[in-house]
Amino acid sequence: MHGKPFEMIKFRTMRDAIDADGNPLPDSERITPFGRFLRSTSLDELPELWNVLKGNMSVVGPRPLLMEYMDYYTEEEMLRHIFRPGVTRLAYLHNTIGGSK
């Protein structure tokens with residue numbers, strides 16, 4: 001919130017595997033079997049509830065992005081920082097609950 005960094009708690013669902021040239025392998029080759037299970041059940045988001053309890057995040061809000069992206073935001077995109085970052089986005093809930101077909 002307000003562009004201030006915080007430590008976000010997450011499960012690690014992928015390996016840091018790279019090819020011979022040092023490029024990361026595709027996601028499908030880096031995800032672990034347990035990571036696939038966590039993602040398919042949305043349990044990978046569970047640790048973020050700790051951030052909600054600590055007050056760093058809310059349940060619904062803009063997804064937090066890496067700090068290194070801040071230099072590339074337009075003035076309009078910077079407005080996302082007036083809200084507390086969220087575990088899920090309002091647009092996702094709107095589409096999931098049936099607001100859009």
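The values are calculated or read from the model by the stated rules, or taken from the named source; none is laboratory data. Worth saying up front: this structure is predicted, and the values here are computed from it rather than measured. Every residue, glycine among them, receives a Cβ derived from its backbone with ideal geometry; neighbour counts consider all protein chains shown.
Residue by residue, here is whether (1) over 17 Å from the mean Cα position of the chain (by Cα); (2) modelled with pLDDT of 85 or more; (3) within 29 Å of K4 (Cβ to Cβ) holds:
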| residue | (1), (2), (3) |
| --- | --- |
| D19 | yes, yes, no |
| G22 | yes, yes, no |
| S58 | no, yes, yes |
| L79 | yes, yes, yes |
| I82 | yes, yes, yes |
| H94 | yes, no, yes |
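Taking the listed residues E68, E75, the one that is among the charged types (D, E, K, R), in a helix (DSSP H, G or I) and exposed (fewer than 11 other Cβ atoms within 10 Å of the Cβ) is E68, with no other qualifying.
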